[in-house]
Amino acid sequence: MDLTINTPEGTRDLLFSECEARRRVRGALAELFQGRGYAEVITPEVEYYDLFIQSGNPIPQEALLKIEDRSGRIMVMRPDCTTPIARVAATRLRTSPLPQRLYYDQTVFRDRGAHRGERREIAQCGVELIGAVGEEADVEMVSMAVESLRCCGLKSFHIELGHAGFYRALAGRMNMTAGEMEGVRAAIEGKNFALLNDLLEPYRGRPAWAALRRLPYLFGGPEVLDEAEKLAGESACITYLRRLYDRLSAAGYGAYIRFDLGLVHQLDYYTGMVFRGYVEGAGAPVLSGGRYDNLMERFGRKAEATGFAVDADAVVSCLGQKAPESGRRLRIALTKGRIQDKAVALFERMGLDCSPIRNPGRRLIHQIPNWPLDVVLAKAPDVITYVEHGVCDLGVVGKDTILEKGGSFYEVLDLGFGKCRFALAVKKGDDFYGTYLTRTVASKYPNVTRSFFEGKGMDVDIIKIEGSVELAPILELADGIVDIVETGATLKENGLAVVEDVADVSARLIVNTASMKLNKGPIGELIARCEAAGEGTV
Ligand code: PRP
């Protein structure tokens, strides 16, 4: 790579009209914030690593861009604006009266992995309201969130509210360990209904069991608050959200407000209401915020606080898009190969006319004639990429690829076909664990392999192999393999045997997070039909 002509991955030069569009959005936001009595602060682009680690900031360590100063201290390019501003408010502004209204227009830097088409430099404009208590502050925040997107010129958007306390209260009735609570939280937030059911199975019949199982479905208009109350009984959080909604509606913001009671965020960071802004045309939220009442205390000044940030470049790119047609066709990415045939059979049981996919020729996109749905045929990892970026609303992909590649999407259904498992296998008769020597493991799935052995507290060397992994132990490149086992024939015919199962695999239905919120009706119907026609239920 020519380092003199390429900019680092995730960064780019902006020219002329791009600068103007960004300046316009940032200018509109700054004007709004100032008009509401917020004063600007600018914090350093480089901060000590410790600041973000010790503040409990939920941004993962590997996403921080690190540099070292001359004395060997580790510093990071600012990954977030809230933490440094909380530091300023607790130190330099320690004696200033509360509440403090602060705003920023700064770049944050995050490394979200190679070749994902993700930006490393994110232009954030946001506010922090420090020391303002309860409802009043939350109304101020949400109404400003609406105004923020409106003043940029966006029309088709909504702000979605959740409450960290609602989940905490329900989970509290179940006597779960902290680890279980985090697992259930992640399953709810990822709308991973299958995993959630499994995790909650041991708690069947306990007081909050039914409510927790239903939590990922509780998103949409104010009617979800009624359903939540029916399920969970009287809840201070729901009463609070309803009061907030009434006040926001009275102020003319009601049409922009939605709820997702499964929106929990990191439990140890956010303490109350959390919210996100979704815009038609963006594959991810363009605005994100919430209440973080414990952060200031970490810097020695106890004060409640709430705030939000707008991703200015994401807003700019939404503004540049054509207005979405009403009744637009949904797009589903389908993994080519083994999964494809079973998925097509499922779609046909759902009543979809799949004749174009049955005779695909070399075409990669097919219209379903009797449903507003287009089917995209893609390789498994690309299904995830297209869904994550929001260019496909839904996807059908194996759990093996999900475990290996990860990503941010809802994993809504276990489709029950494409069943196989990940297993650790060795040459027949070999004792993989019976040595103190570091073992070498070959796999097409290095991330799955790493997390399996990390779970055992065991350090192994991993070699990435692209296919026919069974060769690696036979040729003595590795002591074992972690691979997919379906019938077991490949292992058997090559003199290998399973030592241990790693994970079960089957095909999953995944959904883009923003699309789920913006197309709740049609996507909900597809999910329901899929579930009804699924292998497990037929
Ligand atoms: C997969 C897997 C095993 C085999 C297991 O390979 O990696 O090699 O199938 O199936 P079995 O238990 O039914 O024998 P795939 O056919 O995808 O080819 P690859 O090894 O070249 O990736």
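Quick one: is GLU525 more than 16 Å from the ligand (Cβ to nearest atom), assigned to a loop (DSSP other than H, G, I, E, B) and either open to solvent by 40 Å² or more (accessible area, probe 1.4 Å) or touching a strand residue (DSSP E or B) at 6+ places or on another chain (Cβ under 9 Å) (or both)?
The answer is no for GLU525.
Given the residues GLU31, GLU45, GLU62, GLU40, which is the only one that is in the same structural domain as PRO84 (by TED's automatic domain parsing), in contact with a Ser or Thr (Cβ under 8 Å, 6 or more places away or on another chain) and in contact (Cβ under 8 Å) with a residue 24 or more places away in the chain?
GLU45
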The residue from VAL511, VAL499 that alone is away from the ligand (no atom under 14 Å from the Cβ), in contact (Cβ under 8 Å) with a residue 12 or more places away in the chain and open to solvent by 50 Å² or more (accessible area, probe 1.4 Å) is VAL499
Is at least one residue of segment 415-429 outside any strand (DSSP E or B), more than 16 Å from the ligand (Cβ to nearest atom) and crowded, with 22+ Cβ neighbours inside 10 Å? yes
Restricting attention to segment 442-471, and to residues there that are within 15 Å of the ligand (Cβ to nearest atom) and assigned to a loop (DSSP other than H, G, I, E, B), which single residue is most open to solvent (accessible area, probe 1.4 Å)? GLU466
Is there a residue in segment 151-163 that is over 23 Å from PHE33 (Cα atoms), open to solvent by 10 Å² or more (accessible area, probe 1.4 Å) and not assigned by TED's automatic domain parsing to the domain that holds ASN519? yes
Filter result (surrounded by fewer than 14 Cβ atoms within 10 Å (Cβ to Cβ) and out of contact with any helix residue (DSSP H, G or I) (no Cβ under 9 Å at 6 or more places or on another chain)) within segment 28-38: GLN34, GLY35, GLY37
Is it true that ILE238 is within 18 Å of the chain's Cα centre (by Cα) and in a helix (DSSP H, G or I)? no
Can you tell me which residue in segment 356-378 is surrounded by the most Cβ atoms within 10 Å (Cβ to Cβ), limited to those that are in a loop (DSSP other than H, G, I, E, B) and touching a strand residue (DSSP E or B) at 6+ places or on another chain (Cβ under 7 Å)? ILE368
Across segment 164-189, what is the total count of residues that are of a type in the set (Lys, Arg) and under 19 Å from the mean Cα position of the chain (by Cα)? 1
Answer yes or no as to whether ARG439 is in contact (Cβ under 8 Å) with a residue 40 or more places away in the chain, closer than 26 Å to GLY406 by Cβ and away from the ligand (no atom under 16 Å from the Cβ). yes
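Of the residues ALA211, ALA194, ALA187, only one is open to solvent by less than 40 Å² (accessible area, probe 1.4 Å), in a helix (DSSP H, G or I) and at pLDDT below 90; which?
Of ALA211, ALA194, ALA187, the one residue that is open to solvent by less than 40 Å² (accessible area, probe 1.4 Å), in a helix (DSSP H, G or I) and at pLDDT below 90 is ALA194.
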Given the structure, is LYS155 under 23 Å from the mean Cα position of the chain (by Cα) and part of a loop (DSSP other than H, G, I, E, B)? no
Of the residues in segment 1-27, those that are within 30 Å of VAL88 (Cα to Cα), open to solvent by less than 80 Å² (accessible area, probe 1.4 Å) and in a helix (DSSP H, G or I) number 5
Say we look at segment 302-339 and pick out the residues that are within 16 Å of the ligand (Cβ to nearest atom) and open to solvent by less than 30 Å² (accessible area, probe 1.4 Å); which of these is farthest from the chain's Cα centre (by Cα)? ILE339
Taking segment 472-488, which residues are open to solvent by 40 Å² or more (accessible area, probe 1.4 Å) and either within 13 Å of the ligand (Cβ to nearest atom) or without any contact (Cβ under 8 Å) to a residue 40 or more places away in the chain (or both)? ILE474, LEU475, GLU476, LEU477, ILE484, GLU486, THR487
Give just the number: which of (1) assigned to a helix (DSSP H, G or I); (2) over 36 Å from the mean Cα position of the chain (by Cα) does LEU437 not satisfy? (1)
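The values are calculated or read from the model by the stated rules, or taken from the named source; none is laboratory data. Keep in mind that what you see is a predicted model, and the values were worked out from it rather than measured. FYI the Cβ positions are ideal-geometry reconstructions off the backbone, even for glycines, and counts take in every protein chain you see. Remember, those area values only see protein heavy atoms, side chains included, never the ligands or the DNA or RNA. Shrake-Rupley method; radii C 1.70, N 1.55, O 1.52, S 1.80 Å.
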